[in-house]
Amino acid sequence: MSSALTFVTVVFETETHLLELQARSMSLHLDAKEVDEILILDNCVLGMGGWTRKRLLRAYGRLQGRVRIVRTTAVIDPRAAGGWRSQQAAKLAIASQVKTHHYVVLDAKNHFTRPTSATEFVGPDGRAHGRSHSYVSHPLRASLVATLEYVHAGPDVIDRAVESFPPTATPFVFDTAAVRALILDLEERSGLPFGEEFERHKLLEFFLYAAWNETRGRGLRKLRDEVPIPSPTVWPKAASEEGVRSAIDEHARDGAAVFAVHRQALAKADAAALELIAIQWVSFGLFTDTPAAQAFIRRFRRRYLPSLVWVRGVERARRSLQLWRARSTSEERADPVQGNRAPSRTSPDARPETSAI
C-alpha cells in the first residue's frame, strides 16, 4: 500500500450536482501526488447516466485519470442491504478495492476550501485524525449503545463510549486493514455475507468501525489520534442567513480545509442565505464570481424536486415488482405439482431504496 490517500464518496441522483462541486474543489485544492484514487460509489437507482459521468469527470480536471465509478451493487448485494443502509455498508465494503493504508470517506455535500494535503487526515505516526465527542444527550445514543452491544462490549466500555466516541460525520478516515478485518470477522461469526449481516442488525458504518476496533481490533487509540478534522456544515435546520453565517465563522475560526452544504439546506434556504453561500464558494475559488455561483444554485434547485420525485417513483415501482416476485415465488413453492425449485432470491435487476432523503 502507498502513503497516498484514497477518497471515497457515495452519491445518488439528487446529489450529483453537489458531487460536481466537490470534484471541482478536489481538482483545485488537493495535492495530486497524495491522491492514489478517487472512488465514486454510484448509488443512483438506475446507475449514473453517461452524460452525468462525463460531466463529473470533466469537473475532476487534472485528477480525472484517478477517478473510478463503482456501483454500490458491485460491493453490496442489493438484496441483502437496501437504500440508506446499503450506502452505509458500501463505505466499508469498498475497502476490498482500496490500495492505500487509509481512505477518506466524504459525503457529496463536502467540498475543499484551500490547498489540502494528506496531513489534514493522517498524522506522522500513521494514525488517522478525528476527534471524539459526547453522546450523552445525542439523538444517536441508542444506536451507539446497540452497536456496542452487538460487538459484546461490556458495561464499562459502553459507559466510556457514551461519554466520548468518534463522530458519524464526514470526512471520516478509515484504516483499510482494520475495515477488512472487521468484515472478515463479521462474516465468519455470522456465516452471512457482510451486507446481509449489516442489514439484519441495522448497523451504522462509523459506529460499527469504531466499536469493533475498540472491542475486537487494535483499539481506537492505535488507530486515531484525536486531532480534529473540522468541516463546518450548513444543515437543513440552519438554512437561514444566521445559520450560514455561523458555519462560515466556524470555518474561519478553525482554519478548516473542508466546508459542507447539505442538499436540503440548499433546496430550502432563502435568498439571503443562498447569496452568502454563493459568496463563500467564490472565496474558496470554486466559481469566478457570485453570479456564476448563484446560477449553479438555481440549476440545483430547479432539478432537485423533479429528481426526488423521479427517484421515489422508480423505487415504488421496483418495490412493487419485488413484492409481486416474492408472492409468485411463494405460490410456486406452495404448489405441489410445481417441479422447479423456487429461486432463493429475486432478480439482480430488482433495486431497493436508495438514500434516505
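Quick note: the coordinates plus some simple rules give every number you see, no bench work behind them. Computed from a prediction, not measured in an experiment: that's the story for all the values here. All Cβ positions, even for glycine, are placed from backbone atoms using ideal geometry, and neighbour counts span all protein chains on display.
Where a ≥ b ≥ c are the square roots of the eigenvalues of the C-alpha gyration tensor, would you call the range 236-334 rounded, which needs a/c under 1.5, or, failing that, prolate if a/b is larger than b/c, or oblate?
prolate
What does the charge dipole of the range 236-334 about its Cα centre add up to, to the nearest 20 debye, if the Cβ of each Lys and Arg holds +1 and the Cβ of each Asp and Glu holds -1?
Charge dipole, the range 236-334, about its Cα centre: 800 debye, nearest 20.
Among K99/K268; K54/K202; K91/K237, which pairs are too far apart, with a Cα-Cα distance over 32 Å?
K99/K268; K54/K202
Provide the gained length on full extension for the span R200 to D289, in nm with one decimal, where the gain is 0.36 nm per separating residue minus the Cα-Cα distance.
My answer for the length gained is 27.2 nm.
Springs between alpha-carbon pairs under 10 angstrom, Gaussian network model over the chain: which of G123, G61, G154 fluctuates most?
Its mean-square fluctuation being the largest, the pick is G154.
Quick one: length gained pulling S246 to R216 fully straight, 0.36 nm per residue minus the C-alpha distance?
Extending this stretch completely gives an extra 6.8 nm.
Summing +1 for each Lys or Arg and -1 for each Asp or Glu, what net charge is found among the other residues whose Cβ lies under 13 Å from the Cβ of I248?
For residues surrounding I248, the net value is -4.
If you take every DSSP beta bridge fully contained in the chain, what fraction is antiparallel? Give it as a percent rounded to 5.
Antiparallel: roughly 30 percent of the beta bridges in the chain.
Compute the signed sum of charges (Lys and Arg +1, Asp and Glu -1) over the other residues within less than 15 Å, Cβ to Cβ, of P291.
Charge balance in the 15 Å sphere: 0.
Where is the GNM fluctuation largest for the chain (alpha-carbon springs, 10 angstrom cutoff): R298, R224, R253?
Fluctuation is largest for R253.
State whether the range 45-201 is rounded, prolate or oblate according to the following rule on the C-alpha gyration tensor (a ≥ b ≥ c being the square roots of its eigenvalues): a/c under 1.5 gives rounded; otherwise a/b larger than b/c gives prolate, and the remaining case gives oblate.
oblate
Could you give the Stokes-Einstein D for the chain in µm² per second, using the C-alpha Kirkwood radius, 10 °C, 1.306 mPa s?
Answer from the Stokes-Einstein relation: 74 µm²/s.
With n ≥ 4 as the cut-off for DSSP H runs, can you work out [θ] at 222 nm for the chain, using -39500 (n - 2.57) per run divided by the number of residues, rounded to the nearest 500?
Taken over the chain, the calculation gives -15000 deg cm²/dmol.
Which value, in debye to the nearest 20, describes the size of the charge dipole of the chain about its Cα centre when Lys and Arg Cβ atoms bear +1, Asp and Glu Cβ atoms bear -1, and nothing else is charged?
About 1140 debye.
What is the distance in Å between the Cα centres of the range 251-272 and the range 91-128?
Between the Cα centres of the range 251-272 and the range 91-128 lies a distance of 21 Å.
What net charge is computed for the residues neighbouring F198, neighbours being all others with C-beta under 11 Å from the C-beta of F198, Lys and Arg scored +1, Asp and Glu -1?
Result for the local shell: -2.
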